[in-house]
Amino acid sequence: MANQQEDQSKKQPSWFTPKRLLVIFCVINLINYVDRGAIASNGVNGNQQTCNNGTCTPASGIQGDFKLNNFKDGWLSSAFMVGLLVSSPIFASLAKSVNPFRLIGVGLAVWTLAVTGCGFSFNFWSIIICRMLVGVGEASFISLAAPFIDDNAPPPQKTAWLSIFYMCVPSGYALGYVYGGLVGTRLSWRAAFWGEAILMLPFVILGFVVKPLQMRGFKHDESKVAVAVSQLQDLGASETKAATKIKKHLSRFMKDMKELLVEKVYIVNVLGYVAYTFVIGAYSYWGPKAGYNIYHMKNADMMFGGVTIVCGVLGTVAGGFVLDYMTNTITNAFKLLATATFIGAIMCFVAFCLKNMYGFLALFAVGQLLIFAVQGPVNYVCLHCVKPSLRPLSMAISTVAIHIFGDVPSSPLVGVLQDHIKNWSVDMYNEESEKHKSTAEVEEKKAESTAEPVTYSTLV
């Protein structure tokens, strides 16, 4: 075992150190989620034109420019998932024949071009297509980054390292709210997308220029790369060989999928992760807008961004360190997951029932702290309940499941619900409801008075 580790260290490129890799991947992940937060911010996403008591607020952002209702607006958050869902298993499967580090470089290049295209979009469908391509680019990184980190993290600190990596999810979202609010308001929502592309460009270049890393469970030699190129040339030369090659890849993929889906621990973990992501998706996308409407937060982007970044960072890192302190095993991970999500969900629900803004922020912060503590443990289970060669596919299918059944439907469904009830508050007896109720009672009394002329004349 020691000799194997020595041989692996000798093969590592000169630029590589485990901590340097972690920092690079964390920054890339941060930029990915800044994009998700920015498109949900009031500065980029904007609002429809609203009129109250003769005073009209002009339309703004993407929703205002393209005249989107809340249902279509919700799909802006979810559209990139289409590309991600289709591409994640493909990138995971390709990792067996193409170096995973190079695949990350390809994905980041697609992401950068697609985000740039979002800034040049001219209608709803053009930005939807660009968001789908953003998902294609993000797919390679999401599927392959975590196994690289797991390979190179110190064994007693594996969950802590994963938590540091996934800490970029809430902090990226939060920075995205702030970034989108500032850039979208002071420049334009298009400039926000172009800024993200500029930030990612150095990592695209890095992915193609530096000597690639090797992932545990996979072997990729230069000779194999040459063979892969020649095989691609053969595909164009012979349709029979192409069909045979495709069948071979599909057969290998289906075999891996069968092996993965019979793993009961993996299935239970992913199902819980789906439910968690459904709620988080709705909170993260509609949270700033709900806060703006319920509590009249003029700086809702800043408020939600500040609370989310503090609680997200602290909660995510704390979850990883707590599991390592408990001893990072799958059993302990499930204990931590059950406790944190149960208490955290109650706190968040109660927060939205409150009328006082400060009470809401306090309870919501505690709820977020607990909810984000699951990021490290849940992904630790995904990586360690399967054999090493299945880890990229494990992460890919987990990503597909949590998005297709989680935050993809949650944003538009909440948008449809809001279009119908037109009430962001959990408390159906808020001030606005009371006004409508009192108005209805007055009208009902007038109708009764009209129906009873004797009583009416007496009152007159």
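The values are calculated or read from the model by the stated rules, or taken from the named source; none is laboratory data. None of the values given here were measured: they were computed from a predicted structure. In this analysis, Cβ positions are derived from the backbone assuming ideal geometry, glycine residues included, and neighbour counts consider all displayed protein chains. Each accessible area value is taken on the protein alone, full model and side chains, heavy atoms only, with ligands, DNA and RNA left out. Shrake-Rupley method; radii C 1.70, N 1.55, O 1.52, S 1.80 Å.
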Give me the percent of accessible area attributable to carbon and sulfur for the stretch 244-368, probe 1.4 angstrom. 74
Peptides ranked, highest mean first, by Cβ atoms within 10 Å: ranges 265-274, 117-126: 265-274, 117-126
Among LYS19/LYS264; LYS289/LYS355; LYS211/LYS255; LYS19/LYS387; LYS96/LYS335, which pairs are too far apart, with a Cα-Cα distance over 26 Å? LYS19/LYS264; LYS211/LYS255; LYS96/LYS335
Largest-first principal axis extents of the Cα set of the stretch 102-172 (Å): 51, 27, 13
Probe 1.4 Å, heavy atoms of protein chains only: per residue, the accessible area of the stretch 343-408 in Å² is 33
What does the net charge come to around VAL414 if you take all other residues with beta carbon closer than 11 Å to its beta carbon, with K and R at +1 and D and E at -1? -2
